[in-house]
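The values are calculated or read from the model by the stated rules, or taken from the named source; none is laboratory data. Fair warning: this is a prediction, and the values are worked out from it, not measured in the lab. No Cβ is skipped: glycine too gets one built from the backbone with ideal geometry, and neighbour counts run over all protein chains shown.
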Amino acid sequence: MTQSVADTIFDIIAKESGIERSKISMDSTLKDLEIQSLDAVQILFELEDHFNITMPDRDPDFDTESVKGLVETVQKLLAQQQAEPSAGE
């Protein structure tokens, strides 16, 4: 994978919200970026589709309100996915 997880997430946030990618940083929250709730949901769906993961719903162990939290959540889920071979393999 040539593009980092963070770069991919930045691209997805920019595409789905219509925000310039340069305005997105690891310290941003979706609220800071003025991303509406429907756009936030669409961003989560795009992350799930792109990375082939299932984002946690209202799990206190995962922060899905900030860019840094999204990156960390995706990285955790990808690591879990790598550690657990899928059924049938």
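Please tell me if Met55 is among the aliphatic types (A, V, I, L, M) and surrounded by fewer than 15 Cβ atoms within 10 Å (Cβ to Cβ). Break it down stepwise before answering.
On the way: among the aliphatic types (A, V, I, L, M): yes; surrounded by fewer than 15 Cβ atoms within 10 Å (Cβ to Cβ): no.
So Met55 fails the test.
Looking only at the stretch 43-59, filter to residues that are assigned to a loop (DSSP other than H, G, I, E, B) and without any contact (Cβ under 8 Å) to a residue 12 or more places away in the chain; which one of those is nearest to Thr8 (Cα to Cα)? So that I can check it myself, show each step before the final result.
Of all residues in the stretch 43-59, those assigned to a loop (DSSP other than H, G, I, E, B) come to 52-59.
Those left that are additionally without any contact (Cβ under 8 Å) to a residue 12 or more places away in the chain: 57-59.
On the way: Asp57: 21, Arg58: 23, Asp59: 23 Å.
Checking each candidate, the answer is Asp57.
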Inset, instruction - Keeping to the stretch 1-42, report how many residues are closer than 25 Å to Glu84 by Cβ and either in a helix (DSSP H, G or I) or of a type in the set (Asp, Glu) (or both). - result: 5
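Here are some residues: Leu33, Leu44. Which one is in contact with a helix residue (DSSP H, G or I) (Cβ under 9 Å, 6 or more places away or on another chain) and within 17 Å of Asp7 (Cβ to Cβ)? Walk me through it before giving the result.
On the way: Leu44 fails: within 17 Å of Asp7 (Cβ to Cβ).
Among Leu33, Leu44, only Leu33 is in contact with a helix residue (DSSP H, G or I) (Cβ under 9 Å, 6 or more places away or on another chain) and within 17 Å of Asp7 (Cβ to Cβ).
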Inset, instruction - All but one of (1) modelled with pLDDT under 95; (2) touching a Lys or Arg at 6+ places or on another chain (Cβ under 9 Å); (3) of a type outside the set (A, V, I, L, M, F, W, C) hold for Asp11, so report the exception by its number. - result: (1)
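Only residues that are of a type in the set (Val, Ile, Thr) and in contact with a helix residue (DSSP H, G or I) (Cβ under 7 Å, 6 or more places away or on another chain): list them for the stretch 1-18, please. Spell out how you get there, then give the answer.
Quick first cut of the stretch 1-18, residues of a type in the set (Val, Ile, Thr) only: 2, 5, 8-9, 12-13.
Result: Val5, Thr8, Ile9, Ile12, Ile13.
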Legend entry - From Phe10, Phe62, residue being surrounded by 17 or more Cβ atoms within 10 Å (Cβ to Cβ) and free of Cβ contacts under 8 Å to residues at least 24 places away in the same chain: Phe62
